[in-house]
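One structure is given here, and the rest of the page talks about it.
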């Protein structure tokens, strides 16, 4: 059974949702890289030293699920420690729809300027060329523990397989 899981993908690919679902199945709490980098209200970005300290605290645990976009300070140590690496490879239209849906639901809870939505959409589209191209070769060095999931059906099948293992 997997004890340390790293979930990577573009904004809107479903990393956090998948992490929570996996966590419910294997009884491990899921964290986002953003939890390690920002205050709960996202108004304060922690110093590099605090971010790395937060990451190291998490990685020392016997069980963890971490999700996020490829970020250099996080990708290398988490890749080495992870028992399983899940890379979500969603199509562009799905990313756009998921981000808009998520932000509409968040809007009910908190008010964010439209510029934030535009930034999220921009980075989700740029992700494939900026992050994936740069980091995917590094991730693929860990072939024994990597899974690519491209759509909801593949995610559901993976979750069902986890359920059978527990």
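The values are calculated or read from the model by the stated rules, or taken from the named source; none is laboratory data. A quick note: this is a predicted structure, and the numbers were derived from the prediction, not measured. Cβ sites come from the backbone with ideal geometry, for glycine too, and all protein chains shown count toward neighbours.
Restricting the first member to segment 32-50 and to residues that are at positive phi, and the second to residues that are surrounded by 10 or more Cβ atoms within 10 Å (Cβ to Cβ) and not in a loop (DSSP other than H, G, I, E, B), the beta-carbon pairs closer than 9 Å and six or more apart or on different chains are 42/34. All conditions in (1) at pLDDT 95 or above; (2) assigned to a helix (DSSP H, G or I); (3) surrounded by fewer than 22 Cβ atoms within 10 Å (Cβ to Cβ) hold for residue 51, with the sole exception of (1).
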